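Down below is the structure, laid out as structure tokens.
The values are calculated or read from the model by the stated rules, or taken from the named source; none is laboratory data. This structure is a prediction, so every number in the text was calculated from the model and none was measured. So basically every Cβ, Gly included, is an ideal-geometry build from the backbone, and we count neighbours across all protein chains shown.
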Amino acid sequence: MEDKNKRWVLVGVVVAIIVVIFLINYAKSNGNHDDTVMKCIASKTVLYVSKTCGHCAAQKELLGESIGYFEVIDCTTNYDACATENIMAVPTWVIDGEKHTGKRSVTQLKELTGCG
């Protein structure tokens, strides 16, 4: 009976370690990136948003303090710029002239821009 309990404790510890590793990797892939990577991504992108868009707010939050590096165009106050680019939904990332609609992780932005 004791061996069975020891095994369950060991399984619990292994699972806890795996969860911690997963959480650390998740945090690294969605934030905590160095300024060099974020500046690289920002130099190759334009982000179109709207003040009333929850996904846009989540995108800005994901970028954290690095949001200041990015060109962010608010379609509620700059309608003409969004109309000129034919932005139909927000958030929309424009990368190398190609539109990518929807919230993107930093990892996805690194892949799309070739940064990092």
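Restricting the first residue to the stretch 91-110 and requiring it to be over 13 Å from H55 (Cα atoms), which pairs with a second residue that is among the hydroxyl-bearing types (S, T, Y) and surrounded by fewer than 21 Cβ atoms within 10 Å (Cβ to Cβ) meet a Cβ separation below 8 Å and a spacing of at least six or different chains?
Partner pairs satisfying both residue conditions: I95/T113; V106/S29; T107/S29.
Any idea which of (1) at positive phi; (2) modelled with pLDDT of 75 or more is the one I17 doesn't satisfy?
If we test I17 against (1) at positive phi; (2) modelled with pLDDT of 75 or more, just (1) comes out false.
What number of residues within the stretch 64-103 are in contact with a helix residue (DSSP H, G or I) (Cβ under 6 Å, 6 or more places away or on another chain) and closer than 20 Å to T36 by Cβ?
Filtering the stretch 64-103 for residues in contact with a helix residue (DSSP H, G or I) (Cβ under 6 Å, 6 or more places away or on another chain) gives 66-67, 69-70, 73, 75, 90-91, 95, 103.
Within this subset, residues satisfying the condition of being closer than 20 Å to T36 by Cβ are 66-67, 69-70, 95.
The total comes to 5.
Name the residue that is nearest to D96 (Cα to Cα), counting only residues in the stretch 40-61 that are within 12 Å of the chain's Cα centre (by Cα) and surrounded by fewer than 21 Cβ atoms within 10 Å (Cβ to Cβ).
Only one residue fits best here, namely K60.
Do any residues in the stretch 37-63 that are part of a strand (DSSP E or B) have Cβ atoms under 9 Å from those of residues that are among the hydroxyl-bearing types (S, T, Y), where the two are at least six apart or on different chains, and which pairs are they?
T45/T113; V46/T92; L47/T92; Y48/T92; V49/T76; V49/T92
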